[in-house]
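A short worksheet on the structure shown next.
The values are calculated or read from the model by the stated rules, or taken from the named source; none is laboratory data. Please read these numbers as outputs of a predicted model, since none were measured by experiment. Cβ sites come from the backbone with ideal geometry, for glycine too, and all protein chains shown count toward neighbours. Remember, those area values only see protein heavy atoms, side chains included, never the ligands or the DNA or RNA. Shrake-Rupley method; radii C 1.70, N 1.55, O 1.52, S 1.80 Å.
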Amino acid sequence: MIRAVKGTRDLLPPATAVWNHVEAAARELFRTYNYQEIRTPILEETQLFTRSVGEETDIVMKEMYSFVDRDGSSLTLRPECTASVIRAYIEHRMDQWPGLKKLYYIGPMFRRERPQKGRYRQFSQIGAECIGSESPLVDAEMIELSLEILARCGIEGARLLLNSVGCPACRPAFVAELRSRLAAVKHQLCADCQRRSETNPLRVLDSKLASEQAVIETLPRITDHLCAACREHYTQLQEQLRLRDIPFAENWRLVRGLDYYTRTTFEVTAPGLGAQNAVCGGGRYDGLVELLGGPSVKGIGFAVGTDRLVLALSPKTAAARVDLYIAWIGATYPAAVRLAQQLREKGLRVELPHIEQKLGRSLELAAKLGVRSAVIVGEEELASGQLTVRDLSTGAQKRVAEADLVQHVQAAVPG
């Protein structure tokens, strides 16, 4: 038997109802913040990610799905979407468009990671990018938006972690000091962190190994080495978060896994996900547009891991139920079709069986499907103009005039 590729999965009902709920809530919220959707290709040139994400990152070195196309070009399934959005921004000269470019995306990404709870090799993200400003006020609104998405979807107990990773004016000196300090303790680190201590020292701060935590606590903190401009930006951001009544905790080790981040970095965690509890992350990338060949334009973005978000929601998010099951008997199928059309035009979810069944079996199937109510359409009901509506949870029945059925069913459906 052929099975789904390792690290991928099929999304089946009723889980897909939860996914649709999450994505619909996000789309509606993006609309209220005046964000517009962008859809980029799943395939990109490999150099887009090696240049933007960073050649020494785990994503590029270990996790990307890349292959040589028939024309000899190297292509990659996108491991993240910010680089793709910036590529599209440059290619289509969006810097000529008026105002801030406020864009969002929803779709699959691909990384060859070790599959575990809430982490897959094909995973989905809901993300946003705001391009055209370096203001900390924009950062605060972006963070507010990310938290509001989680709240709208039903996440409770979300926690915001905040840091600044400086800029090209102050970070190089800090990285040099960090590399020097790591050299003295290199023998106490795992093989991966020993490599990172030379190629990408900031990534050592993100280590989760228990044996390395005491060593990392002795290392210098980037927030103690920020230049005046970065310090002021970070201070104003915190003031703006307080203005919006958004609680946060500073985490000096929060550096994220991508090289393009500057200044603001943030992460949102949610309960119920175990050790891998980050459900959203983002930050500022003030040099990325220029790095990829565009103008000197600043930007900030975030991405919500939809798989983890749905995992956190599933225990308490009910799938949509069918509102009405039409049990037709005898030669009443044409009338049942017309009735189903009327109900569906009103936005109700209706199940109309395509074959005739005995009434008892039909109602039994309706109950198994989780239907709220069933309407019995027989020749006697049509002759009298009175249809029988049965509440399948209680067994109670009521005769309802055919002309009043739509209103009756609508009133019985929770808002």
Among the residues of segment 37-48, the number that are in a loop (DSSP other than H, G, I, E, B) and either open to solvent by less than 60 Å² (accessible area, probe 1.4 Å) or among the acidic types (Asp, Glu) (or both) is 2
For segment 373-399, give me the residue count where each residue is in a strand (DSSP E or B), touching a residue at least 12 places away in the same chain (Cβ under 8 Å) and either within 15 Å of residue 325 (Cα to Cα) or open to solvent by less than 40 Å² (accessible area, probe 1.4 Å) (or both). 10
Every residue from segment 184-193 that is under 24 Å from residue 261 (Cα atoms) and at pLDDT 80 or above: 193
Where the second residue is of a type outside the set (Ser, Thr, Tyr) and open to solvent by 40 Å² or more (accessible area, probe 1.4 Å) and the first is farther than 15 Å from residue 215 by Cα and lies in segment 171-185, which pairs have Cβ atoms under 7 Å and are six or more apart or on separate chains? 173/225; 174/225
Can you tell me how many residues in segment 400-409 are open to solvent by less than 80 Å² (accessible area, probe 1.4 Å) and under 17 Å from residue 349 (Cβ atoms)? 4
Pick from segment 1-25, criterion part of a loop (DSSP other than H, G, I, E, B) and either of a type in the set (Lys, Arg) or touching a helix residue (DSSP H, G or I) at 6+ places or on another chain (Cβ under 8 Å) (or both), ranking: farthest from residue 112 (Cα to Cα): 11
Pairs under 9 Å by beta carbon, first residue free of Cβ contacts under 8 Å to residues at least 24 places away in the same chain in segment 1-15, partner in a loop (DSSP other than H, G, I, E, B) and of a type in the set (Gly, Ala, Ser), six or more apart or different chains? 10/4
Sort out which residues of segment 90-139 are more than 13 Å from residue 305 (Cβ to Cβ), within 19 Å of the chain's Cα centre (by Cα) and aliphatic (A, V, I, L, M), and write them in order of number. 103, 128
So, residue 290, is that one within 30 Å of residue 152 (Cα to Cα), among the charged types (D, E, K, R) and either touching a helix residue (DSSP H, G or I) at 6+ places or on another chain (Cβ under 6 Å) or open to solvent by 10 Å² or more (accessible area, probe 1.4 Å) (or both) or not? no
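When you look at residue 5, is it in contact with a Leu (Cβ under 9 Å, 6 or more places away or on another chain) and of a type in the set (A, V, I, L, M, F, W, C), yes or no?
Answer is no for this residue.
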If residue 83 satisfies every condition in (1) open to solvent by less than 10 Å² (accessible area, probe 1.4 Å); (2) of a type in the set (A, V, I, L, M); (3) under 20 Å from residue 6 (Cα atoms) but one, which is the exception? (3)
Can you find, within segment 265-298, the residue that is modelled with the lowest pLDDT among those that are polar (S, T, N, Q) and under 22 Å from residue 202 (Cα atoms)? 276
Against the definition (more than 28 Å from residue 60 (Cα to Cα), hydroxyl-bearing (Ser, Thr, Tyr) and modelled with pLDDT under 95), how does residue 235 come out, yes or no? no
Filtered residues of segment 103-139 (kept if of a type outside the set (Lys, Arg) and without any contact (Cβ under 8 Å) to a residue 24 or more places away in the chain): 135
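Given the criteria among the acidic types (Asp, Glu) and touching a helix residue (DSSP H, G or I) at 6+ places or on another chain (Cβ under 7 Å), does residue 148 qualify?
The answer is yes for residue 148.
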Would you kindly identify the helices (runs of 4 or more DSSP H) lying entirely within segment 197-300 that contain at least 1 residues that are over 21 Å from residue 54 (Cβ atoms)? 213-217, 228-243
Single condition residue 195 does not satisfy, out of (1) touching a helix residue (DSSP H, G or I) at 6+ places or on another chain (Cβ under 7 Å); (2) open to solvent by less than 70 Å² (accessible area, probe 1.4 Å): (1)
Just one of the numbered conditions (1) surrounded by 12 or more Cβ atoms within 10 Å (Cβ to Cβ); (2) at pLDDT 85 or above; (3) within 20 Å of residue 321 (Cβ to Cβ); (4) not aromatic (Phe, Trp, Tyr) is not true of residue 345; which one? (1)
Criterion violated by residue 370 - all others in (1) of a type outside the set (D, E, K, R); (2) touching a helix residue (DSSP H, G or I) at 6+ places or on another chain (Cβ under 9 Å); (3) assigned to a loop (DSSP other than H, G, I, E, B) satisfied: (2)
Would it be correct to say that residue 22 is touching a Pro at 6+ places or on another chain (Cβ under 9 Å), touching a residue at least 40 places away in the same chain (Cβ under 8 Å) and open to solvent by less than 40 Å² (accessible area, probe 1.4 Å)? no
